[in-house]
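The values are calculated or read from the model by the stated rules, or taken from the named source; none is laboratory data. Not measured: the values here are computed from a predicted model. Here the Cβ positions follow ideal geometry from the backbone for every residue, glycine too, while neighbour counts run over all protein chains shown.
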Amino acid sequence: MPDLRRTRKNIKIALSVLVAVDVVTVIVLFSPLVGSTASRRMELNQLWSELQTKTRQVEPLANLPKKVSVANGQIAEFYKKRFPSQESQILTQFGKSAAANGVTIEHVTYKVQSEEETGSLQEVEIAADLSGSYVSLAQFINALERDDMLFIISDIELGGDLRGPIKLQMKLQTYLKAGA
């Protein structure tokens, strides 16, 4: 026959342990260490807003490898469109812009910088003496600035007679693909 005293003693011990666990849980729940329901809710809201802020901060980095490959393609297209591979292309484009705007080229010199330049581009300095009406010269300068080939105008000097065409001395830079 089972020993009821022993079983009763084991049940009392188990119930006492469970009551002790309940008391500790209630104390922890209402203690200042855990905080009130309102303070926990405030902390949860603060953490949620921090998560949203950090998510927005890293959003531009999404699909970064794809963006890098697109940018590399755009850079290659930019180099192909804006920088000629032969010196003759520079003077041809300069001459076409002058002719299209009614400007006469009197004298042009250009100098390709040494190949010690950084990157894959060589600077080309152009000095030109031009003549034409004020309107045609202004249109020519505008056309150079808007041209697909990159022309950077660094110096302009106007001169001429009151009765004749206006003289323009211009210095500008462009770039040539090195090693092409």
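So here's what we get for this one:
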{"item": "Residue within the stretch 76-96 that is at pLDDT 90 or above, touching a helix residue (DSSP H, G or I) at 6+ places or on another chain (Cβ under 9 Å) and hydrophobic (A, V, I, L, M, F, W, C) present", "result": "yes"}
{"item": "Checklist (1) of a type in the set (S, T, N, Q); (2) under 30 Å from LEU137 (Cβ atoms); (3) out of contact with any helix residue (DSSP H, G or I) (no Cβ under 9 Å at 6 or more places or on another chain) applied to ASN72, failing item", "result": "(2)"}
{"item": "Selection from the stretch 63-89 of residues that are of a type in the set (A, V, I, L, M, F, W, C) and in contact with a Leu (Cβ under 7 Å, 6 or more places away or on another chain)", "result": "PHE83"}
{"item": "Some residue of the stretch 92-101 being assigned by TED's automatic domain parsing to the domain that holds SER133, within 46 Å of the chain's Cα centre (by Cα) and part of a loop (DSSP other than H, G, I, E, B)", "result": "yes"}
{"item": "Close pairs from the stretch 90-102: first on the phi > 0 side of the Ramachandran plot, partner surrounded by 13 or more Cβ atoms within 10 Å (Cβ to Cβ) and part of a helix (DSSP H, G or I), Cβ under 7 Å, at least 6 apart", "result": "GLY102/SER136"}
{"item": "Pick from the stretch 31-43, criterion loosely packed, with under 10 Cβ neighbours inside 10 Å and of a type in the set (A, V, I, L, M, F, W, C), ranking: modelled with the lowest pLDDT", "result": "LEU33"}
